[in-house]
């Protein structure tokens, strides 16, 4: 069944699977003010993400980001997502995380 995906405003099949790679970066020139250098304020960090069709592709992307990004904070995380109901009566769905996240080092 094809459903409307909130908040992306797209249409996908109910139960469709994707893999997401998430990583955090710090703005260029960020300098710690009032906090430890290795623990920046979460409001300062930028959350980046890419979506992939397979787990292998998501992990490869995470390793690439880890290797190439100078302003990286923490480890990238890969997570499986499935289209599931958000408001079933209105046939509105969303991407839901499934299972445990995979930390890529």
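What follows is calculated from the coordinates using simple rules that are stated; it is not laboratory data. From a predicted model like this one, the values you see are computed outputs, not experimental measurements. Here the Cβ is made from the backbone with ideal geometry for all residues, glycine too, and neighbour counts use every protein chain on show.
The label-point distance for residue 82 and residue 57, in a model that sets each label 7 Å from Cα toward Cβ, rounds to 2.0 nm.
In this label model, residue 8 and residue 67 are separated by 2.7 nm, measuring between points 7 Å along each Cα→Cβ vector.
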